[in-house]
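The values are calculated or read from the model by the stated rules, or taken from the named source; none is laboratory data. Just so you know, these numbers come straight off a predicted model, no measurement behind them. Reconstructed Cβ throughout: ideal geometry from the backbone, glycine too, with neighbour counts over all protein chains shown. SASA here: full protein model, heavy atoms, side chains in, ligands and nucleic acids out. Shrake-Rupley method; radii C 1.70, N 1.55, O 1.52, S 1.80 Å.
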Amino acid sequence: VGAAPYRPGPLSGYNVTITGVVDPDTREALIRRVQRLAGHYDGTLYLQRHAAERTDLLIACSTATEKFAQSRAFGLPCLSPAFLDAAEAAAALPPFEGFEVRGEGEDEAEHAGQAVEEKGGREHEEEQRKKEDAQGQEQER
């Protein structure tokens, strides 16, 4: 009987941290689950873009923490503990959609931010067009 082929765990290659867990037993259980899924757990949030130890995922049990706020500001995926359930059940990395945790009022702020970006983008395009027109007129002289 041959050995089963090696299959990396769903979180293999991911650096994971956890936030918003007050109960030490719950925290330990979540850490063990991350490790059982082959993820690397670290209690510190590392946001450097090019560092090998950079945090890849935040499991958020609460949105009222500094780690959560920093993670959202940096664009780090903030996922509910149910994400670990899905990864364990599928024995594969599930898509993040449906497990994302958002802060209070974040959806409204995101829509407002998109509107501002769209308006800013149009204004920028208009400015660029005016500059190009002015340059074209100068070249004609």
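So for region 5-64, considering every pair of alpha-carbon atoms, how many percent are separated by more than 18 Å?
Result for the distance tail: 36 percent.
Given contacts defined as C-alpha pairs under 8 Å and at least six residues apart, what's the relative contact order of region 15-90, whole-number percent?
35
Could you please report the charge total around Phe83, scoring K, R as +1 and D, E as -1 over all other residues with beta-carbon less than 13 angstrom from its beta-carbon?
Surrounding charge for Phe83 is -4.
Where does each of Glu100, Glu88 land when they are ordered by accessible area, with a 1.4 Å probe and the largest first?
Glu100, Glu88
Report the accessible area of Asp85, computed with a 1.4 Å probe over the heavy atoms of all protein chains in place, in Å² rounded to the nearest 10.
80
Please list, in order along region 21-30, the HN-Hα scalar couplings obtained from phi with the Karplus expression 6.51 cos²θ - 1.76 cosθ + 1.60 (θ = phi - 60°), rounded to whole Hz, x for Gly and Pro.
Karplus-based 3J(HN,Hα) across region 21-30 equals 9, 8, 6, x, 5, 5, 4, 4, 5, 5 Hz.
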